[in-house]
1. If Rh is defined by the Kirkwood formula over all Cα pairs and Rg also comes from Cα, what ratio Rg/Rh do you get for the stretch 19-59?
2. Expressed as an acute angle from 0 to 90° and rounded to the nearest 10, what is the orientation of the C-alpha long axis of helix 61-75 relative to the principal long axis of the chain?
3. What is the distance in Å between the Cα centroid of the stretch 263-307 and that of the stretch 12-64?
4. Just the projected area, averaged over all directions, of the convex hull on the alpha carbon atoms of the stretch 84-177: how many nm²?
5. Give me the number: length gained by fully extending residue 9 to residue 120, i.e. 0.36 nm times residue separation minus the C-alpha to C-alpha distance, one decimal in nm.
6. What is the Rg over Rh value, at two decimals, for the stretch 226-282, using alpha-carbon atoms and the Kirkwood definition of Rh?
7. For the stretch 164-250, what value does the Rg/Rh ratio take when both radii are computed over Cα atoms and Rh is the Kirkwood radius, given to two decimals?
8. Please compute the Cα-Cα pair-distance distribution of the stretch 2-91 with 5 Å bins starting at 0, giving whole percents from short to long.
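Values in this text are rule-based calculations from the coordinates and carry no lab data. These figures come from a predicted structure and were not determined experimentally. Cβ atoms come from the backbone with ideal geometry, glycine included; neighbour counts cover every protein chain shown.
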């Protein structure tokens, strides 16, 4: 499934849906209610399909089974009333307010080489606040005093089951799915001051566009060899692959879970490939009017602009 958070109209309540072939969206609660009614079963749609993504994921396998039933019912011929064009709704970030967003720096071999510095023996971890989350299609407003805004396309992991002290072998059992994330960064706060303020540089309002959906593991497969690409104003600027990760997804989940409980709806931004603006010659910074297209193979495409 491709799970989405959306609104029917700007300012209306959040709904939980599924994208059908990337072209239509199904309101999962409405579709489940219709499926239950057709089968003569009591309506338990509100209990099994909360409108909040994190609450939905916290229900575990039961909610995913209910969502799959709802989607299959809505996808059948003659049920057009349960489907809407995805272009006609307001997509939100799939998890609009994650409990925490854990970022991992310099996690691709080629990117680590372009940055320089000593080899890392453990993941380089920072945090982005929930207030930095922005939806697909947004225009990120960079503070006027930030002169070095930069882009970073990333595979993001969404946690589906609480993880504490998990082994690498069991880590993927805790994954609800994957999405695409831009780790927008104010490089002057990250590199030009002492001490560096990485979380602040990456945590400003709107500096975490995310989406367009959560692609569940059966959609993506295992995350070992996924293309990760970025285009700036139509020009390719990043072209990497998750096989270049220094610490792969299971290693990150296992490592982080030694120190903090990863909860349903938490997001791990797993790092970016080479090609960001800071390490180009000359450096290249984002400017108002720029348009970014970010793609993770088998996960989806995130697009946004700079205001």
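1. 1.03
2. 70
3. 31
4. For the stretch 84-177, averaging the hull's shadow over all directions gives 9.4 nm².
5. 35.3 nm
6. Using only Cα positions, Rg/Rh for the stretch 226-282 is 1.08.
7. Result for the stretch 164-250 is an Rg/Rh of 1.02.
8. P(r) over the stretch 2-91, rounded to whole percents: 3, 16, 27, 26, 19, 9, 1.
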